[in-house]
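Data block below; observations after.
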Amino acid sequence: MALSDTTSQNYELRDPDVRLMLQVRDDDAAAFEELVVRYQSRLMTVLEQLVHKREQAEDLAQEVFMRVFRARKSYEPGAKFSTWLFTIANNVASNALRSMARRREINVAPAQDAESQADPLAQLALAASGLMPTRQLDHAERAEVVRLAIHSLGERQKLALLLSKFEGMSYAEIGETMGLSTQAVKSLLARARSNLRASLEPYMNEGVLPGSANGPE
């Protein structure tokens, strides 16, 4: 179904990244480079937490941008640019995870990789769980605890939480990105917060590290 002119115009007026993408549609290479600059780090943050390997996340981010460029001629602004971009990223990551599962190559990210992102991930995990640390944690310890807690979430819970906390997406935008209803997103995020709390609480109270096995979606 074609988008109405009003819908397209509304997103073009409200979202500067949509305007950039429309320039990309007209083969403006500088506009494409600007979108890459704006979103590369954000994509990497989400993708690395989904696939647990920085090198693979870099490859997937490149694949996402390649898909964006290849789709430029058919682009119509029916959503915020970030929603459209992360919908593509979700598809790319899902395909990669299915392929990894078939090859039985899914691994936990090394603790040193998590340490480089300790502060934002620690804030995300603790804020989502509603817990407050009862004692001071050093960076390496906090990175390991948060890595295990985040890894314990199912992939859909993890993605919804990352999009909510890092991208500031609304329930509707997350639903559009993940192909879920708004109510399903609310339930998914509620389960993610509950699971994070359950994973982190034993450590906060007794110093017991979170388990590393994936929980249910």
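Here are the numbers for the structure shown:
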{"item": "Extension gain (nm, one decimal) between Glu12 and Ala71, 0.36 nm per residue minus Cα-Cα", "result": "19.5 nm"}
{"item": "Leu153 long-range amide H proximity, modeled H, under 5 Å", "result": "Gly215"}
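A short reminder: the numbers here are calculations on the coordinates, not readings from a lab. From a predicted model like this one, the values you see are computed outputs, not experimental measurements.
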